[in-house]
Amino acid sequence: MTENLDRTPLTRDFFDRDVLEVAPDLLGRTLVRRHPMGTIELRLTEVEAYAGEIDPGSHAFRGRTARNGVMFGPPGHTYVYFTYGMWHCLNLVCGPDGHASGVLLRAGEINVGAGLARERRLSARNDKELAKGPARLATALDVDRELNGSDLFGGPAPALSVLHGTPPPRDQVRSGPRTGVGGDGAHQPWRFWIEGDPTVSPYRAHAPRRRPSRKAA
């Protein structure tokens, strides 16, 4: 299945564009994770765009912090964050430098190294579920905060890189609201996926957390 893939690495200029151009253009690309235990290659099938300071759904909406600093550039680096006290999520930073934006990698199909991914994703019922969702993707690839700020172009064999792969036809690309985003960013159609691909994760609308009710004295 990987014999006819274009293995030309993407350039930094690819990421030095508006996030709403980069995000759908990442579909069908090959994400490569190089690890001491072996290499995993994943075909990206679902992503979400986050537009920094102008996007209420973005971690960078309220400005730069120690946590989100890498989102402000330069492009072509990774932003890895820890969520719900147990999961990591992997984002690719895009440009221009100094303006925060990034693409959350939500799902993909593992074409190389599925055996390694299975060892990390023991709960997956089949290979289509190995990277079906952002936390599952990061777990399958053994991505954690140690890779935050990693340069996709850092030397001949970086920990993470992206190859040209095989982008889908335009008529197979769909868009809609981002999963779990509430408030003013809830309805932005900035989630992109390949129509009909079995590795795409199910959409879930934002569910506000309920505060415990106070009992009357």
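The residue of the stretch 85-137 that is nearest to Arg34 (Cα to Cα), among those that are acidic (Asp, Glu) and in contact with a Lys or Arg (Cβ under 9 Å, 6 or more places away or on another chain), is Glu109. In the list Ala186, Ala159, which residue meets the criterion of being touching a His at 6+ places or on another chain (Cβ under 8 Å), of a type in the set (A, V, I, L, M) and at pLDDT 95 or above? None of the others qualify; the one that does is Ala159. In the stretch 146-162 there is at least one residue that is under 24 Å from Asp18 (Cα atoms) and part of a helix (DSSP H, G or I). Checking each residue in the stretch 26-64 for being closer than 13 Å to Ala114 by Cα, among the hydrophobic types (A, V, I, L, M, F, W, C) and open to solvent by less than 60 Å² (accessible area, probe 1.4 Å) picks out Val32, Ile40, Leu42. Annotation: of all residues in the stretch 9-44 being touching a Pro at 6+ places or on another chain (Cβ under 9 Å) and assigned to a strand (DSSP E or B), the one that is farthest from Asp97 (Cα to Cα) is Arg34. Checked against the criteria, Gly196 does not count as more than 18 Å from Glu21 (Cα to Cα) and modelled with pLDDT under 95. Taking the conditions (1) under 24 Å from Gly76 (Cα atoms); (2) in contact with a strand residue (DSSP E or B) (Cβ under 6 Å, 6 or more places away or on another chain); (3) of a type in the set (Val, Ile, Thr) in turn, Thr166 satisfies each one other than (2).
The values are calculated or read from the model by the stated rules, or taken from the named source; none is laboratory data. Keep in mind it's a predicted model, so treat the numbers as computed, not measured. Positions of Cβ are backbone-derived with ideal geometry, glycine not excepted, and every protein chain shown enters the neighbour counts. The accessibility values were calculated without ligands, DNA or RNA, using every heavy atom of the protein model including side chains. Shrake-Rupley method; radii C 1.70, N 1.55, O 1.52, S 1.80 Å.
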